[in-house]
1. So residue 116 fits all but one of (1) assigned to a strand (DSSP E or B); (2) without any contact (Cβ under 8 Å) to a residue 12 or more places away in the chain; what number is the exception?
2. Can you pull out every residue in region 127-137 that is without any contact (Cβ under 8 Å) to a residue 60 or more places away in the chain and either exposed (fewer than 12 other Cβ atoms within 10 Å of the Cβ) or assigned to a helix (DSSP H, G or I) (or both)?
3. Quick check: anything in region 46-58 in contact with a Ser or Thr (Cβ under 9 Å, 6 or more places away or on another chain), under 19 Å from residue 128 (Cβ atoms) and at pLDDT below 85?
4. Inside region 11-27, can you point out the residues that are within 11 Å of residue 40 (Cα to Cα) and free of Cβ contacts under 8 Å to residues at least 60 places away in the same chain?
5. Condition first: among the charged types (D, E, K, R), more than 21 Å from residue 6 (Cβ to Cβ) and surrounded by fewer than 16 Cβ atoms within 10 Å (Cβ to Cβ). Now tell me which residues in region 89-110 satisfy that.
6. For region 1-17, how many residues are within 16 Å of residue 113 (Cβ to Cβ) and outside any helix (DSSP H, G or I)?
7. Can you tell me which residue within region 122-140, out of those that are at pLDDT 85 or above and of a type in the set (D, E, K, R), is farthest from residue 86 (Cα to Cα)?
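The values are calculated or read from the model by the stated rules, or taken from the named source; none is laboratory data. Keep in mind that this is a model prediction, so the values were computed, not measured. Glycine also receives a Cβ, built like all others from the backbone with ideal geometry; neighbour counts cover every protein chain displayed.
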Amino acid sequence: MIESLRPRLPDGISAVFAGTGRRQWQVAQILGFTPDQVRFSDIWGGAATVGDCKEVIILGHGLSINRKNYLSIQDIQPYAEKVATLPDKALICSGRPVLVRLGRLEEDCSSGALYALHAQDNGKVEIELLIPGICLLEQK
């Protein structure tokens, strides 16, 4: 299903950024990018994931913790300034936490969706949903 996002990607992607977690890399691979084409950073997501219960975070090494003890979402700030420095038509393979850090409510964020981020002159980032979410857990 991620393959279905390829035709909707902007022409002339200038740079590809991805988090360091397994899913971020899988998305970049499915979209046809190689490791040499991707710039990786924990700022776009790490190996932690939300468990079956939204109150649990599963860290990369397998430890499950209470969400209130997971500080990465609020610790990595200010995000809008980072997005504003990216080149036009940059692609970010990331997850919902990036959108939350940019001010979107978590319940309004989808996994496997395609969003356009528009940096505004006032320092804010406008988030535009291009394609609704897809269940990434079904991807192989």
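1. (2)
2. Initially, region 127-137 is screened for residues without any contact (Cβ under 8 Å) to a residue 60 or more places away in the chain, giving 127-129, 132-133, 137.
If the condition is that a residue be without any contact (Cβ under 8 Å) to a residue 60 or more places away in the chain and either exposed (fewer than 12 other Cβ atoms within 10 Å of the Cβ) or assigned to a helix (DSSP H, G or I) (or both), then 128, 132, 137 are the ones that fit.
3. No: zero hits.
4. Across region 11-27, the qualifying residue is only 20.
5. Hits for region 89-110 are 106, 107, 108.
6. Let us first name the residues in region 1-17 that are within 16 Å of residue 113 (Cβ to Cβ), namely 1-10.
Subset that is outside any helix (DSSP H, G or I): 1, 9-10.
Adding up the residues that qualify gives 3.
7. That would be 128.
Here's the yes/no breakdown for (1) in contact with a strand residue (DSSP E or B) (Cβ under 9 Å, 6 or more places away or on another chain); (2) crowded, with 18+ Cβ neighbours inside 10 Å; (3) over 13 Å from residue 131 (Cβ atoms):
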site: 3; (1), (2), (3): no, no, no
site: 8; (1), (2), (3): yes, no, no
site: 12; (1), (2), (3): no, no, yes
site: 17; (1), (2), (3): yes, yes, yes
site: 20; (1), (2), (3): yes, no, yes
site: 23; (1), (2), (3): yes, yes, yes
site: 28; (1), (2), (3): yes, yes, yes
site: 35; (1), (2), (3): no, no, yes
site: 41; (1), (2), (3): yes, no, yes
